[in-house]
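This report refers to the structure that appears directly beneath it.
The values are calculated or read from the model by the stated rules, or taken from the named source; none is laboratory data. These figures come from a predicted structure and were not determined experimentally. When we count neighbours, we look across all protein chains shown, and the Cβ atoms used for this are built from the backbone with ideal geometry, even at glycine. These area figures cover heavy atoms from the full protein model, side chains too; ligands, DNA and RNA do not enter into them. Shrake-Rupley method; radii C 1.70, N 1.55, O 1.52, S 1.80 Å.
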There are 2 protein chains.
Amino acid sequence: MTSKKLLVGLAGMAGSGKSIAVKTATQNGYDVIVMGDEVREEAKRRNLAPTPENLGKIMLELRRLEGDSVIARRCIPKIDKVNDQKIIIDGIRSLSEAEEFKTIFPRFSLIAVHSSPETRFKRINNRKRSDDPQDWHTFHERDLRELRIGLGNVIAMAEYIIVNEGTRGSVKAQARRILKKVEEKWMK
Amino acid sequence: MTSKKLLVGLAGMAGSGKSIAVKTATQNGYDVIVMGDEVREEAKRRNLAPTPENLGKIMLELRRLEGDSVIARRCIPKIDKVNDQKIIIDGIRSLSEAEEFKTIFPRFSLIAVHSSPETRFKRINNRKRSDDPQDWHTFHERDLRELRIGLGNVIAMAEYIIVNEGTRGSVKAQARRILKKVEEKWMK
């Protein structure tokens, strides 16, 4: 059965600034579903620490066993439970995931956030999250891993793209403008 | 041996508006090398008509026989012959090609042009080039073929991105601004 909910899929490489776009969406009445949470919950069920290595392995294993859109499929019951009509899905990584959502939620739009590798690396170095690589080689390896899953294809095929080379304010303004367009498209 | 020439690599899905960016570059003193010409020349050498099917087959065969960066490698002697110091390379399709150029031309920057699939399809339908697909299915298949080669990865990893959802003038303005930044980075 298809749903009338409005779904916005968000994709971007690590450090591109997805979180600013998510925040803008929540400030505009969107509920957030974080795709990575599915993997973290799977780690918990298996009594594994949520280290980047464990999460990476679990994700690849789930995809191997249950197909490329496994994480998207696991998010769907959560989305169904949400009361809000507008939902942003943080962390789409392959076109199969986008297709999976689109089948159940025809009112689906894909937004990508883009920054140059240099900008993303600097940003990650500044935020120093525990699971962020601090050297260029590890950072680049993670980029390539994400691209192998299909993240580059999602960015190339996005309906809207937010360019994040400037201020947080600029990202928020672009996100607001795009969300408005998405709502005009699907909720008119 | 490395070269002091400034190379700008340009990537974008079919119909994204790369040609406007190329035109802006030539108006700003850049010579143009079209990567697809290498494949067309190979077709000529083989006495094959330059149909989309033949060109697609030749490209895949060359990549299989000589590696993912074969087209880039074949462009290098042409670039060496150019007198201008600023060159734009039209039609980068994989990160291996970008790496190949970067090795010989350290002053290399990657620009991507992005439009939504819907916008690109409309644009292609309007321009009606003989080798452009006129139905959504053929168009989408070509997109997927380009993504399999690695074009999405190039877009995701570009240093600069031109968003082309508006007018030609907007693309030209973005291209001019970005080319200026590239020149400031490499020619200072």
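Points to keep in mind about this one:
- Flag for B:Arg64 being loosely packed, with under 12 Cβ neighbours inside 10 Å, within 27 Å of A:Arg145 (Cβ to Cβ) and more than 17 Å from the chain's Cα centre (by Cα): yes
- Number of residues in the range B:15-27 that are of a type in the set (D, E, K, R) and open to solvent by less than 50 Å² (accessible area, probe 1.4 Å): the value is 1.
- Condition check for A:Glu53: surrounded by 12 or more Cβ atoms within 10 Å (Cβ to Cβ) and in a helix (DSSP H, G or I): no
- Flag for B:Ser94 being within 26 Å of B:Gln174 (Cβ to Cβ), at pLDDT 95 or above, in contact with a His (Cβ under 7 Å, 6 or more places away or on another chain) and buried (at least 16 other Cβ atoms within 10 Å of the Cβ): no
- Members of the range A:161-182 found to be more than 12 Å from chain B (Cβ to nearest Cβ), free of Cβ contacts under 8 Å to residues at least 40 places away in the same chain and assigned to a helix (DSSP H, G or I), listed by number: A:Gly169, A:Ser170, A:Ala173, A:Lys180
- Cβ pairs under 7 Å, 6+ apart, first in the range A:144-160 and more than 7 Å from chain B (Cβ to nearest Cβ) and in a helix (DSSP H, G or I), second among the charged types (D, E, K, R) and surrounded by 22 or more Cβ atoms within 10 Å (Cβ to Cβ): A:Glu146/A:Arg93; A:Ile149/A:Arg93; A:Val154/A:Arg93
- A:Asn47 vs. criteria at positive phi and not hydrophobic (A, V, I, L, M, F, W, C): yes
- Of all residues in the range B:104-139, those that are over 18 Å from the mean Cα position of the chain (by Cα) and polar (S, T, N, Q) total 6.
- Residue check for A:Gly12: crowded, with 18+ Cβ neighbours inside 10 Å and either at pLDDT 95 or above or more than 14 Å from chain B (Cβ to nearest Cβ) (or both): yes
- Here B:Glu118 clears all of (1) closer than 29 Å to A:Pro117 by Cβ; (2) in contact with a helix residue (DSSP H, G or I) (Cβ under 7 Å, 6 or more places away or on another chain); (3) open to solvent by 40 Å² or more (accessible area, probe 1.4 Å) except the condition numbered (2).
- Of the residues making up the range A:28-50, those that are surrounded by 17 or more Cβ atoms within 10 Å (Cβ to Cβ) and in a helix (DSSP H, G or I) are A:Met35, A:Glu38, A:Val39, A:Glu42, A:Ala43.
- Matching option when the condition is without any contact (Cβ under 8 Å) to a residue 40 or more places away in the chain and either among the aliphatic types (A, V, I, L, M) or open to solvent by 30 Å² or more (accessible area, probe 1.4 Å) (or both), among B:Lys86, B:Lys102, B:Lys78: B:Lys102
- One residue stands out among those in the range B:121-143 that are in a loop (DSSP other than H, G, I, E, B) and either open to solvent by 20 Å² or more (accessible area, probe 1.4 Å) or in contact (Cβ under 8 Å) with a residue 24 or more places away in the chain (or both): the one that is farthest from A:Ile161 (Cα to Cα), which is B:Ser130.
- Filtered by the rule that a residue be open to solvent by less than 20 Å² (accessible area, probe 1.4 Å), closer than 17 Å to A:Ile33 by Cα and not in a strand (DSSP E or B), the range A:105-115 gives a lone residue, A:Phe105.
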